[in-house]
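The values are calculated or read from the model by the stated rules, or taken from the named source; none is laboratory data. Owing to the predicted nature of the structure, the values given are computational and were not obtained by experimental measurement. Counting neighbours? That spans all protein chains shown, and the Cβs are built from the backbone with ideal geometry, glycine included. Each accessible area value is taken on the protein alone, full model and side chains, heavy atoms only, with ligands, DNA and RNA left out. Shrake-Rupley method; radii C 1.70, N 1.55, O 1.52, S 1.80 Å.
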Amino acid sequence: MSVKTEHPAAENPEELLDLKLTEQKKWAAGIPAVYEAGKDVFEEDGLIRGMKGLFHMNKKGGFDCSGCAWPDPDDDRSPIAEYCENGAKALAEEATTKKIDAVFFAQNSVADLAKLNDFEIGKKGRITQPMYLPKGGTHYQPISWDDAFKKIAGHLNKLKSPNEAVFYTSGRTGNEASFMYQLFVKEYGTNNMPDCSNMCHESSGSALSETIGIGKGTVTLDDFYDTDVIIIMGQNPGTNHPRMLTALEKAKKKGSKIIAINPLKEAGLIAFKNPQTVKGFMGFSTQLADTYLQVKINGDMALLKAIEKLLYEAETEKPGTVFDNDFIHNKTTGYKDFIDSLEKYELEDLASACGVPLSQIKEAAELLKHKHRIIICWAMGITQHTNGVDTIKEILNLVLLKGSIGKPGAGLCPVRGHSNVQGNRTMMIWEKPSEKQLDKIKEVFGFEPPREHGLDVVDSIKAMHRGKLKVFFAMGGNFISATPDTVYTAEAMRKLNLSVHVSTKLNRSHLVQGDEALILPTFSRSDEDIINGEAQFVTCENSMGVVQMSRGVLKPVSDDLLNENQIVCRMAKATLGERSVVDWDKYADNYDAVRDAIAKVIPGCEDYNKKVCEPAGFYLPNGPREGKFKTEKYGDKAAFSVTEVPVHKLDADEYMLTSIRSHDQFNTTIYGLDDRYRGVHNERRVVFMNESDMTRAGFKAGEKVDLVNNHGGTERIARLFVVVPYDIPEGNTAAYYPETNVLVPIDCVAEKSNTPTSKLIVIKIKKHS
């Protein structure tokens, strides 16, 4: 058995900080959220700069938060603050006045920087000029923009095949740069375009595209204000999408019921103190979850089938009173096969498999029995499992039974975790473009794009590890900290000839490189983007398919930055030269020209320049939202699916581990070392355990342990964690990522979507040695 433990590609601490534990919160937000948000912004950005940024964030005519993709209200935006605590922290991070320049890099070697933890790395400040790490070099050194583009072009043009390069995208990149980026990559000759969707909602896209004809959600924000029941599965809105709490509060006030389904008891699913209301400011909370089903990790499929079986029994007893039979008959296919498959399960077995008492499951089914305006929300707790695609199909099965799609107050809501990750995919950032999309590129731009599908994130890492990829280009993100199997991925990255990162701040990916590396600094979402004396705007798409403008208002930290679109166009011109048929100069400094091109290629974006200037933007077409379905396999019907309940067999000393965020975190960006809702302070290397499991294993609260995964004959070790007792099902544990990514095997992925299974990792827990 080989051993893969942590090294400078990930944190490898020799000692822990001074961990403090407090009582777990039973509510989210409130005055503490206001205090923490203001503290971070004013410490990092200063009072005047910070207030200016906060005032314009998520406001009409302002800039889109670079955090989550929860939508802005169309009309009733708050006059006080249209942002949450974590949005303010995101602003604090990107608008900081701290700077990293050539002097900093001369004084700090790559090896020394790699010894820092992710929080320390992120707090160093904004990168102010292009930096280059030569082969054999120990320190990054300054490089001009022209020389940087020449360096990239030289590497790309000497490859034996364009397929030896890979072009990654983070969800922060705006629509304009995303469109030009994919255009360049296709003209260069490859579809190797992995993106962060591959690691999050790829399972949602795979499941929904096949069954309803669109890989996105079907609801609008207004639907939350006029619905009967909201189900929240595998999602923690209080930390990951805090602005969603306002929508849930509004729904509750209008009589909606909420069913929360999660292995951990999370404050943001229990209650909300809205600091923008007198009641919330005074410390009074709104109860959110009417029923809280504390499911086992990956027990969601069994729970859904149990609810469906109870509803089917009620429908059989009184036909036409529970299911929407007209909808099922006219709008769906596969109903009989689905019912036949459901009948083979016993309720008691399903309750045991999901870990929820049958009495509680019956309560949830009763809430749903006579309701048809139902919204189901989910996030990574559903998608990042081997059966993630099938679980989402099962979510759809429940929605189809109730006819809860294509009508007001009903539908599907996969909640995106990054502000423009959905827009990236709309702009054709995808390793598997359709023939129709490629034909349109050929028609509009006059070159033949490659037809062979490219590599997604996991397949890109494997290809790097085999030495098949030579150049890695990242448009934003922190690839090494976002991806699975950290040591394996680091080994892969170190085999590259060149890695290039378009970034605003220093992150760990800059410190894990092959022969040569470049860091290209760019504007943040809140930065002013001035071209020829005029302030520019970009566009983004939120979780509900609304495209709107984003115009930064803060003075950039350096005059030596380029926007992402300029970086793409200048790189394309340097690389493709006279063999290109695209006028890259035309697009480099003209967003309007880019949007005109988007209008010609992307369905629903006709008259793009005009529509994005509407105060609330515009909605992209969404057939299922209107009750219209069109799929390759099922025609004009939405499809029921036949799925199976997974069976997990663990040894007596094994546990399921799910990776989670702390409250002081957004994806791989670490804002601080506290997780106040869960009562954890000044430390991130903790593992949450059920107290009964602790007793059986002989662990005590505060004990130091190592987490070990042995998948595939490789021992993966995450060292030095502290045991914290928590309200979590027996046999289940939880810990923060990216610290736990080292434990996620590269070949443990969701079927069909190839998404890493970061929400179910089989581990052993050993006393630290």
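Key figures
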quantity	calculated
Kirkwood Rh and Cα Rg combined as Rg over Rh, evaluated for segment 593-666	1.23
Partnerless cysteines, meaning none of the other Cys C-beta atoms lie under 4.7 Å away, in the chain	Cys65, Cys68, Cys84, Cys196, Cys200, Cys354, Cys540, Cys569, Cys605, Cys613, Cys748
Cα-based shape type of segment 311-353, given that a ≥ b ≥ c are square roots of the gyration tensor eigenvalues and the cut on a/c is 1.5	oblate
Cut-off under 5 Å, modelled amide H: who pairs with Glu516 long-range	Leu498, Ser499
In Hz, Karplus ³J(HN,Hα) per residue of segment 673-682 (6.51, -1.76, 1.60; θ = phi - 60°; x = Gly, Pro)	10, 10, 9, 5, 5, 8, x, 10, 9, 6
Charge context of Lys468, other residues only, Cβ under 11 angstrom, K/R +1, D/E -1	+3
Furthest towards positive pole of dipole, Thr218, Leu208, Asn192, structure part segment 186-265, Cβ charges	Thr218
Over segment 492-628: Rg over Rh, Cα atoms, Kirkwood Rh	1.03
10 Å binning of all Cα-Cα separations within segment 542-623, expressed as whole percents from 0 upward	15, 37, 33, 15, 1
Alpha-carbon centroid distance for the pair segment 153-172 / segment 543-563, whole angstrom	25 Å
Average accessible area per residue (Å²) across segment 228-349 - probe 1.4 Å, nucleic acids and ligands excluded	38 Å²
Nearest-0.05 FRET efficiency for Glu448 and Asn532, computed from C-beta distance (R0 41 Å)	0.75
Bins of 10 Å, starting at 0 and running to the largest distance - Cα pair percent for segment 134-238	10, 25, 31, 15, 13, 5, 0
Residue-normalised accessible area of segment 522-564, expressed per residue, 1.4 Å probe, Å²	32 Å²
Cα principal axis extents for segment 395-502, largest first, Å	53, 41, 24
Separation of the Lys628 and Glu348 label points, Cα + 7 Å toward Cβ, nm	5.0 nm
Local net charge near Gly255, Cβ-Cβ under 13 Å (Lys/Arg +1, Asp/Glu -1)	+3
Debye, to nearest 20: dipole size of segment 49-195, +1 on Lys, Arg Cβ, -1 on Asp, Glu Cβ	640 debye
From phi via Karplus (6.51, -1.76, 1.60), per-residue ³J(HN,Hα) for segment 120-127 in Hz, x at Gly/Pro	5, 4, x, 8, 6, x, 7, 7
Proportion of all alpha-carbon pairs of segment 202-243 beyond 12 Å (%)	72 percent
9 Å beta-carbon shell around Phe149, net charge (K/R +1, D/E -1)	+2
For a label point 7 Å along the Cα-to-beta-carbon line of Ser692, residues of segment 347-364 with backbone N under 12 Å	355-357
Mean-position separation - Cα centroids, segment 738-766 and segment 419-491, in angstrom	21 Å
Phi-based couplings in Hz for segment 689-696 (Karplus 6.51, -1.76, 1.60; Gly and Pro marked x)	10, 5, 5, 5, 4, 4, 4, 4
Ordering of 155-162, 126-133, 192-199, 585-592 by packing [mean C-beta count within 10 Å, highest first]	192-199, 126-133, 585-592, 155-162
Amide H within-cut-off set for Met689, under 5 Å, with H built and near neighbours excluded	Val724, Tyr726
5 angstrom amide H check on Glu541, placed H, neighbours 5+ away	Gly423
Carbon + sulfur, % of accessible area of the chain - ligands and nucleic acids excluded, 1.4 Å	50 percent
